[in-house]
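Structure record follows, encoded as structure tokens.
The values are calculated or read from the model by the stated rules, or taken from the named source; none is laboratory data. Quick caveat, the model's predicted, so the values are computed rather than measured. In this analysis, Cβ positions are derived from the backbone assuming ideal geometry, glycine residues included, and neighbour counts consider all displayed protein chains. These accessible areas exclude ligands, DNA and RNA; they are computed on the full protein's heavy atoms, side chains included. Shrake-Rupley method; radii C 1.70, N 1.55, O 1.52, S 1.80 Å.
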Amino acid sequence: MSITSTNLDGILPLIAKGKVRDIYEVDSESLLFVATDRISAYDVIMENGIKDKGKLLTQISIFWFNFLKDNIKNHIIADSDEEIFARLPKELSESKYKDQLCQRSLLVRKHKLIPLEAIVRGYITGSAWKEYKKSGTVHGCPAPENLQESQEFPSPIFTPSTKAEQGEHDENISQEQAEKIVGKEVCEKVARKAIELYSKAKEYAKSRGIILADTKFEFGITDDGELVLVDEVLTPDSSRFWNTKTYKLGKSQESYDKQFLRDWLTSNGLNGKEGVSMPEDIVAQTSSKYVEAFEALTGKKYV
């Protein structure tokens, strides 16, 4: 059974409901992030979910937060069920709540958020490829000539986007536009750190037979200006992962993500439409991709 929504009966106040996560306030300094099994495509959430998707996303994020902890502070207070429940109201230890929270929750510190999606691209694909074909630019900036689709850039590039309100679309912007939003110093700090984290993760992923084509980081900032890695990190929902064995230059690649779902929606004329339920074969194929990504990246078997 998939969990597409959580209900804690007001024991903790629900303060936000994203495309995947339900966010509860624990106290003035901490939040409970719960990753549901909701899945969205073309900015629309499907009616049914992908079994265990929230658990897989949470466990992949935990893996990467630990992997990158020597490079940057993160927002996690507790990431194991035992630690989390020890810090939550006792009523939430009842099985009806535990069934909703176990293996899919993180207890995190509140931080002031930097209002940018910090996207790093190592390969040209997706919206960047569309723009490049049209104008020879990526996020409004000149790019090397004669690139082929899915080609690696000479070095990773920082291509920010706006962080849209719920229900709105993020918008690709240049670094200069990002500087106007957050200030030059903060923007440069975010760009440097995002490229550093991407580069470290990319090398590790390569050792596991996976190409990390691009990813999106989100950062908070402390009162003294220190960056903190927040939200999710390097999951199939926030990144493009390709299998090195099937990678071919000059074409679109198969990703460890919701490509099955996007293709099904497009072929049935359902992209962007509300109230859509996925057939079981699309659910199963999409689920298998998330499991495959988890196992390939972490080296653990998902049971």
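Do you know which residues across the stretch 50-67 are part of a helix (DSSP H, G or I) and either under 15 Å from residue 289 (Cα atoms) or touching a helix residue (DSSP H, G or I) at 6+ places or on another chain (Cβ under 8 Å) (or both)?
To start, the set of residues in the stretch 50-67 that are part of a helix (DSSP H, G or I) comprises 53-67.
Correct list: 53, 54, 55, 56, 57, 59, 60, 63, 64, 67.
Return only the number of the condition from (1) surrounded by fewer than 19 Cβ atoms within 10 Å (Cβ to Cβ); (2) in contact (Cβ under 8 Å) with a residue 12 or more places away in the chain; (3) over 16 Å from the mean Cα position of the chain (by Cα) that residue 207 does not satisfy.
The single condition residue 207 does not satisfy is (2).
All but one of (1) surrounded by 16 or more Cβ atoms within 10 Å (Cβ to Cβ); (2) not assigned by the TED database to the domain that holds residue 215 hold for residue 116; state the number of the condition that does not hold.
Looking at each condition in turn, residue 116 falls short on (2).
Given the options 47, 25, name the one that is outside any loop (DSSP other than H, G, I, E, B), surrounded by fewer than 22 Cβ atoms within 10 Å (Cβ to Cβ), more than 19 Å from the chain's Cα centre (by Cα) and modelled with pLDDT of 95 or more. Write out each step before concluding.
Working: 47 fails: outside any loop (DSSP other than H, G, I, E, B).
Exactly one residue qualifies, and that residue is 25.
Please work out if residue 138 is of a type outside the set (Gly, Ala, Ser), under 28 Å from residue 43 (Cα atoms), touching a Phe, Trp or Tyr at 6+ places or on another chain (Cβ under 9 Å) and at pLDDT below 95. Break it down stepwise before answering.
Working: of a type outside the set (Gly, Ala, Ser): yes; under 28 Å from residue 43 (Cα atoms): yes; touching a Phe, Trp or Tyr at 6+ places or on another chain (Cβ under 9 Å): yes; at pLDDT below 95: yes.
For residue 138, the condition - of a type outside the set (Gly, Ala, Ser), under 28 Å from residue 43 (Cα atoms), touching a Phe, Trp or Tyr at 6+ places or on another chain (Cβ under 9 Å) and at pLDDT below 95 - is met.
Go through (1) under 24 Å from residue 20 (Cβ atoms); (2) in contact (Cβ under 8 Å) with a residue 12 or more places away in the chain for residue 186 and report which single condition fails.
It fails just one condition, (1).
Looking at the stretch 173-187, can you tell me whether even one residue there is more than 20 Å from residue 221 (Cα to Cα), open to solvent by 40 Å² or more (accessible area, probe 1.4 Å) and not in a helix (DSSP H, G or I)?
No; the residues of the stretch 173-187 include none that is more than 20 Å from residue 221 (Cα to Cα), open to solvent by 40 Å² or more (accessible area, probe 1.4 Å) and not in a helix (DSSP H, G or I).
Output the residue which, of all residues in the stretch 129-159 that are open to solvent by 40 Å² or more (accessible area, probe 1.4 Å) and among the polar types (S, T, N, Q), is farthest from the chain's Cα centre (by Cα).
146
Residues that are under 20 Å from residue 34 (Cα atoms): find the strands (runs of 3 or more DSSP E) completely inside the stretch 204-260 holding 3 or more of those. Step through it out loud before you land on a result.
Numbers: elements: 210-221, 227-230, 239-243.
So the answer is 210-221, 227-230.
Mind counting the residues in the stretch 215-229 that are open to solvent by 10 Å² or more (accessible area, probe 1.4 Å) and within 12 Å of the chain's Cα centre (by Cα)? So that I can check it myself, show each step before the final result.
Step one: filter the stretch 215-229 for residues open to solvent by 10 Å² or more (accessible area, probe 1.4 Å), giving 216, 218, 221-227.
Filter once more, keeping what is within 12 Å of the chain's Cα centre (by Cα): 216, 218.
Count: 2.
Go through 163, 73 for me and flag whichever is charged (D, E, K, R) and modelled with pLDDT of 95 or more. Spell out the reasoning first.
Values: 163 fails: modelled with pLDDT of 95 or more.
That would be 73, the only listed residue that is charged (D, E, K, R) and modelled with pLDDT of 95 or more.
I'm checking my understanding of the structure. Among residues of the stretch 80-113 that are in contact with a helix residue (DSSP H, G or I) (Cβ under 6 Å, 6 or more places away or on another chain) and at negative phi, which one is surrounded by the most Cβ atoms within 10 Å (Cβ to Cβ)?
Residues of the stretch 80-113 that are in contact with a helix residue (DSSP H, G or I) (Cβ under 6 Å, 6 or more places away or on another chain), as a first pass: 85, 93, 102-105, 107.
Within this subset, residues satisfying the condition of being at negative phi are 85, 93, 102, 104-105, 107.
On the way: 85: 19, 93: 12, 102: 13, 104: 25, 105: 28, 107: 22.
Among them, the one singled out is 105.
In the stretch 261-303, which residues are part of a loop (DSSP other than H, G, I, E, B), exposed (fewer than 15 other Cβ atoms within 10 Å of the Cβ) and not hydroxyl-bearing (Ser, Thr, Tyr)?
Just the residues of the stretch 261-303 that are part of a loop (DSSP other than H, G, I, E, B), to begin with: 268-279, 299-303.
Of the ones still in play, those that are also exposed (fewer than 15 other Cβ atoms within 10 Å of the Cβ) are 268-269, 272-275, 277, 279, 299-303.
Result: 268, 269, 272, 273, 274, 275, 279, 299, 300, 301, 303.
When the residues of the stretch 113-159 are narrowed to those that are among the small types (Gly, Ala, Ser) and outside any strand (DSSP E or B), which ends up nearest to residue 199 (Cα to Cα)?
Within the stretch 113-159, the first condition is being among the small types (Gly, Ala, Ser), and the residues that meet it are 118, 122, 126-128, 135-136, 140, 143, 150, 155.
Then keep just the ones that are outside any strand (DSSP E or B); that gives 126-128, 135-136, 140, 143, 150.
Numbers: 126: 20, 127: 21, 128: 19, 135: 27, 136: 24, 140: 23, 143: 19, 150: 17 Å.
My answer is 150.
Do we have residue 201 as in contact with a Leu (Cβ under 7 Å, 6 or more places away or on another chain), small (Gly, Ala, Ser), assigned by the TED database to the domain that holds residue 178 and closer than 30 Å to residue 78 by Cβ here?
Numbers: in contact with a Leu (Cβ under 7 Å, 6 or more places away or on another chain): yes; small (Gly, Ala, Ser): yes; assigned by the TED database to the domain that holds residue 178: yes; closer than 30 Å to residue 78 by Cβ: yes.
Yes.
Test each condition in (1) under 19 Å from the mean Cα position of the chain (by Cα); (2) open to solvent by 40 Å² or more (accessible area, probe 1.4 Å) for residue 212 and report the one that comes out false.
Against the list (1) under 19 Å from the mean Cα position of the chain (by Cα); (2) open to solvent by 40 Å² or more (accessible area, probe 1.4 Å), residue 212 comes up short only on (2).
Is it the case that the stretch 55-77 has a residue that's touching an Asp or Glu at 6+ places or on another chain (Cβ under 7 Å), over 25 Å from residue 262 (Cα atoms) and of a type outside the set (Val, Ile, Thr)? Please lay out each step first, then the result.
Going through the stretch 55-77, the residues touching an Asp or Glu at 6+ places or on another chain (Cβ under 7 Å) turn out to be 57, 61-62, 71, 73.
Right, trim to over 25 Å from residue 262 (Cα atoms) and you get 62, 71, 73.
Now narrow it down to the ones that are of a type outside the set (Val, Ile, Thr): 71, 73.
The answer is yes, given that some residue of the stretch 55-77 is touching an Asp or Glu at 6+ places or on another chain (Cβ under 7 Å), over 25 Å from residue 262 (Cα atoms) and of a type outside the set (Val, Ile, Thr).
From 96, 69, 133, 51, grab the single residue that is among the charged types (D, E, K, R) and in contact (Cβ under 8 Å) with a residue 40 or more places away in the chain.
On the way: 96 fails: in contact (Cβ under 8 Å) with a residue 40 or more places away in the chain; 69 fails: in contact (Cβ under 8 Å) with a residue 40 or more places away in the chain; 133 fails: in contact (Cβ under 8 Å) with a residue 40 or more places away in the chain.
51 is the lone residue from the list that is among the charged types (D, E, K, R) and in contact (Cβ under 8 Å) with a residue 40 or more places away in the chain.
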